[in-house]
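Enquirer: Once you've had a glance at the structure underneath, I'll fire off some questions.
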Amino acid sequence: MFSINSECILSKQSEDIPPFYVMEVLESAKELEAQGRHIIHLEVGEPDFPTAPHICEAACTAIGKGLTKYTHSQGLPALRDAIVESYYRKFGVDLDPNQVIVTSGTSPGLLMVFMALLEKRDEVIMSNPHYACYPNFVKYLGGTPVFVYTSEANGFALEPETVRQCLSPNTKAILINSPSNPGGHVMSPETLQGLAAIADEKRIPIVADEIYQGLIYSGEEHSILEYTKNAFILNGFSKLYAMTGWRLGYIICPLECVRAIQKIHQNFFICANSFVQEAGIAALNGSQEHVAEMVQIYNMRRQYMLKRLLGMGLEVLKEPMGAFYVLADARKFNNDSLELSRKILNEAGVAVTPGIDFGNGAEGYLRFSYANSLENIAEGMDRLETFLEKELDG
């Protein structure tokens, strides 16, 4: 009889990779819900809005027409044209559709960009706090994340002068995220210009995660492409078009780098799925009224949540003006954000993300997502306030 060795031999990389705590919070919350508990979800960065009907109809129509085969590895030409047109419309930048590689979400895009850029021990500069998964991409490919501790007073954003201090002969990329996760900060034109100057002067590309582009609540947003061509853009449809489960994203990169990433895409992913790409065309070329309405509703929730959090003693030094997050300082209640988030979940029935998920620069903080109804947010804030009052009294 064939037997299997019970000791599974795993790579050290797979054993060492840290958990994605927001997903563990979500999974714990789902377990409590299965037991009959009512949980308010303020942890996951996923729009609570449905995908717009015209986008869904485009996918269904494509399936009905039999558009279910492989596409060009870079994506449908019509979708690449629409992406280029959207960047011109928003930012006035002239791009070639051949610079675009359509992917099954931005995470595969980020992986492929770093696969193309990094050799062993190459360094990638990134902020601390940062999106939880960024350093894991770099480390898994043998690179080294170089963390720049940032100031809450400026929204935890990278600043050009501190980036310059961290440059080394091994620096291979500078990773930025605006609007940002977890802080909701929107980088200023001056900051982007300063970082672009470093990219051009030192010939070090900027890898810009622009997935929350369009979700801003005051002023104008900008793309790094307005200031330098030495950049790799990661963007997609998950957040702005409420299409998380559709898994559709894209890379915009310098023309001379396209072939390398295209070959990686052919080998590891082949192409993004065809009828979802048709939905992406409808999203970009169709009515944007639902997007404007969604942003307006997010803004009302943002203002309400921020007022409530500040009122119960959590601190936010820089008002978040983008994405759908508030990163609040909870150290007066507990310096251990993971322990605090677990207590809030189990005792108050509110799921929030521990700051440690985003690096030790956010330890003691909690991230709150307002991608939930105002009614649920209000209930969550009421529960949280009662919990925190007991914590102080205790």
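The values are calculated or read from the model by the stated rules, or taken from the named source; none is laboratory data. Only a predicted model underlies this, so the values are computations on that prediction, with no experimental measurement involved. Every residue, glycine among them, receives a Cβ derived from its backbone with ideal geometry; neighbour counts consider all protein chains shown. Note: areas computed on protein heavy atoms with side chains; ligands, DNA, RNA excluded. Shrake-Rupley method; radii C 1.70, N 1.55, O 1.52, S 1.80 Å.
Enquirer: Using θ = phi - 60° and the Karplus form 6.51 cos²θ - 1.76 cosθ + 1.60, what ³J(HN,Hα) does each residue of segment 328-344 get, whole Hz, x for Gly and Pro?
Expert: Once θ is set to phi - 60°, the couplings for segment 328-344 become 10, 6, 10, 5, 5, 9, 5, 7, 9, 5, 5, 4, 5, 5, 5, 5, 4 Hz.
Enquirer: Can you put Ile251, Ile356, Ile17, Ile216 in order of accessible area, largest first, using a 1.4 Å probe? Intermediate values should be presented prior to the final figure.
Expert: Working: Ile251 0, Ile356 50, Ile17 75, Ile216 30 Å².
Listed by decreasing accessible area, they come as Ile17, Ile356, Ile216, Ile251.
Enquirer: Here is a further query. If I model a spin label at Glu289 and Lys30 as a point 7 Å from the Cα along the Cα→Cβ vector, what separation in nanometres do I get?
Expert: Here the answer is 3.6 nm between the modelled labels.
Enquirer: Determine ³J(HN,Hα), in whole Hz, for all residues of segment 256-269 in sequence, where each value follows from phi through the Karplus function 6.51 cos²θ - 1.76 cosθ + 1.60 and θ = phi - 60°; x replaces Gly and Pro.
Expert: Once θ is set to phi - 60°, the couplings for segment 256-269 become 5, 9, 4, 4, 4, 6, 4, 5, 4, 4, 4, 6, 9, 10 Hz.
Enquirer: Just to be sure I follow the definition: excluding the sites themselves, where is the longest run in the chain that has none of the chymotrypsin sites (Phe, Trp or Tyr not before Pro) in a DSSP loop with at most 12 other Cβ atoms within 10 Å? Before the final figure, lay out the partial values.
Expert: Working: sites that count: Phe2, Tyr70.
No qualifying site falls inside 71-394, the longest such stretch.
Enquirer: Within the set of other residues whose C-beta is less than 15 Å from the C-beta of Thr386, count the net charge using Lys and Arg as +1 and Asp and Glu as -1. Don't skip to the end; give the middle numbers.
Expert: Details: positive: Arg308, Lys343, Arg383, Lys390; negative: Glu347, Glu379, Asp382, Glu385, Glu389, Glu391, Asp393.
Combined, the nearby Lys, Arg, Asp and Glu give -3.
Enquirer: What accessible area per residue, rounded to a whole number of Å², is obtained for the chain using a probe radius of 1.4 Å?
Expert: Values: 17710 Å² over 394 residues.
That works out to 45 Å² per residue.
Enquirer: Taking segment 74-120, which trypsin sites (Lys or Arg not before Pro) meet the DSSP loop condition and have no more than 14 other C-beta atoms within 10 Å?
Expert: Counting only loop positions with at most 14 other Cβ atoms within 10 Å, the trypsin sites (Lys or Arg not before Pro) in segment 74-120 are Lys120.
Enquirer: Report the FRET efficiency, 1/(1 + (r/R0)^6), for Thr162 and Lys65, where r is their Cβ-Cβ distance and R0 is 51 Å, rounded to 0.05. Could the numbers behind the result be given before it?
Expert: Values: r = 52 Å, r/R0 = 1.03.
Computed FRET efficiency for Thr162 and Lys65 comes out at 0.45.
Enquirer: Just one of (i) 69, 61, 53; (ii) 81, 47, 42; (iii) 71, 52, 36 is Cα extents along the principal axes in Å calculated from these coordinates, so which is it?
Expert: (i)
Enquirer: Per-residue accessible area for Met305 at 1.4 Å probe radius, Å² rounded to 10?
Expert: 0
Enquirer: Okay, moving on. List the residues, sorted by chain then number, that are 5 or more residues from Phe237 or on another chain and whose placed amide H is less than 5 Å from its amide H.
Expert: Leu248
Enquirer: Compute the longest continuous run of the chain that contains no exposed GluC sites (Glu not before Pro); treat a site as exposed when its DSSP state is not H, G, I, E or B and it has at most 13 other Cβ atoms within 10 Å. List each step's numbers first, then the result.
Expert: Details: sites that count: Glu7, Glu119, Glu220.
Counting at most 13 other Cβ atoms within 10 Å as exposed, the longest clean stretch of the chain is 221-394.
Enquirer: Would you kindly derive the ³J(HN,Hα) couplings of segment 303-317 from the backbone phi angles with the Karplus curve 6.51 cos²θ - 1.76 cosθ + 1.60 (θ = phi - 60°), listing them in order in whole Hz, with x for Gly and Pro?
Expert: Couplings: 4, 5, 4, 4, 4, 5, 4, 5, x, 9, x, 7, 10, 9, 6 Hz.
Enquirer: Same structure, new question: Set the bar at 32 Å for Cα to Cα. Now go through Lys239/Lys343; Lys172/Lys332; Lys90/Lys139; Lys30/Lys139; Lys239/Lys318; Lys30/Lys263 and name every pair that lies beyond it.
Expert: Details: Lys239/Lys343 29 Å; Lys172/Lys332 39 Å; Lys90/Lys139 34 Å; Lys30/Lys139 30 Å; Lys239/Lys318 22 Å; Lys30/Lys263 39 Å.
In this structure, Lys172/Lys332; Lys90/Lys139; Lys30/Lys263 lie more than 32 Å apart at Cα.
Enquirer: Something else: I'd like the carbon and sulfur percentage of the solvent accessible area for segment 53-286, probe radius 1.4 Å, heavy atoms only, ligands and nucleic acids excluded. Could you put the intermediate results ahead of the total?
Expert: Working: 4840 of 9300 Å².
Looking at segment 53-286 in its full context, I get 52 percent from C and S.
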